[in-house]
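Heads up: the structure comes next, in structure tokens.
The values are calculated or read from the model by the stated rules, or taken from the named source; none is laboratory data. What you see is a predicted model, and the numbers here were worked out from it, not measured in a lab. Cβ placement follows ideal geometry from the backbone for every residue including glycine, while neighbour counts extend to all protein chains displayed. Side chains included, ligands, DNA and RNA excluded: accessible areas come from the protein's heavy atoms. Shrake-Rupley method; radii C 1.70, N 1.55, O 1.52, S 1.80 Å.
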Amino acid sequence: DLNAVRVEDGYLEVSAAATQGNVEWRPSLANEVPLLALAFPHISHFQIRNRGTVCGSIAHADPSAELPLVLTALDGQVVLRSLRRRRVMQATDFFQGMLMTAREPDELVEAVRFPLRQPGARYGFTEFSARHGDFALVACAAIVTDDAIALA
């Protein structure tokens, strides 16, 4: 799908069809959403990123996963779709706990939206795991502007 990953209205919108690899190897990713580009090398192994989807990771809401952390740190959005409606939720409202989301039983995650780089902002991401590719024991995302430091 040519529109699986696109820039629209100040966001990098990633549809449910996009694998993590589709996004990771996007040539302009580091300029568009630097925090996301910094997080991808920490996600499991390239074989997993070739098959796993960005929206699937968000829908699963694993607290040790990198993509929910990045989406929350950036105050991104989740687009939900059912037969009865389409709605957009902020990541902080979507994630409700470990493996728990505000998704209704009849809804699917249609897309996720990562805000584009803030002018002048600097980004950092790191995590600790027993071995590369294992679940993170702890991870940290940082956004630094002239006015604030945000950690997630």
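A compact table of results
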| quantity | calculated |
| --- | --- |
| Diffusion coefficient, µm² s⁻¹, Stokes-Einstein with Kirkwood Rh over alpha-carbon pairs of the stretch 1-59 at 10 °C and 1.306 mPa s | 137 µm²/s |
| Protection proxy ranking, peptides 49-58, 19-28, average beta carbon neighbours within 10 Å, highest first | 49-58, 19-28 |
| Value of [θ]222 nm, deg cm²/dmol, for the chain, DSSP H segments ≥ 4, -39500 (n - 2.57) each, nearest 500 | -5500 deg cm²/dmol |
| Extension gain from VAL138 to PHE46, taking 0.36 nm per residue of separation minus the Cα-Cα distance | 31.1 nm |
| Solvent-accessible area per residue for the stretch 63-138 (1.4 angstrom probe, square angstrom) | 57 Å² |
| FRET E, pair ASP9, GLU104, Förster distance 35 Å, beta-carbon r, rounded to 0.05 | 0.90 |
| Carbon plus sulfur fraction of accessible area for the stretch 1-50, probe 1.4 Å, in percent | 54 percent |
| Whole-Hz ³J(HN,Hα) from phi, Karplus 6.51 cos²θ - 1.76 cosθ + 1.60, for the stretch 35-42, glycine and proline x | 5, 5, 4, 5, 7, 3, x, 8 |
| Distance-filtered residues of the stretch 115-143 - backbone nitrogen under 20 Å, label point 7 angstrom along GLN90 Cα→Cβ | 115-119, 141-143 |
| Burial order of peptide ranges 134-144, 79-89 (average beta-carbon count within 10 Å, highest first) | 134-144, 79-89 |
| Charge sum, other residues only, whose C-beta stays under 9 Å from GLY21's C-beta, Lys/Arg counted +1 and Asp/Glu -1 | +1 |
| Hydrodynamic radius by Kirkwood, which averages 1/r over all alpha carbon pairs of the chain, in angstrom | 15.6 Å |
| Among 112-120, 100-108, the order from most to least packed when residues are scored by Cβ within 10 Å on average | 112-120, 100-108 |
| Amide H partners (placed H, <5 Å) of LEU12, local residues excluded | PHE114, LEU116 |
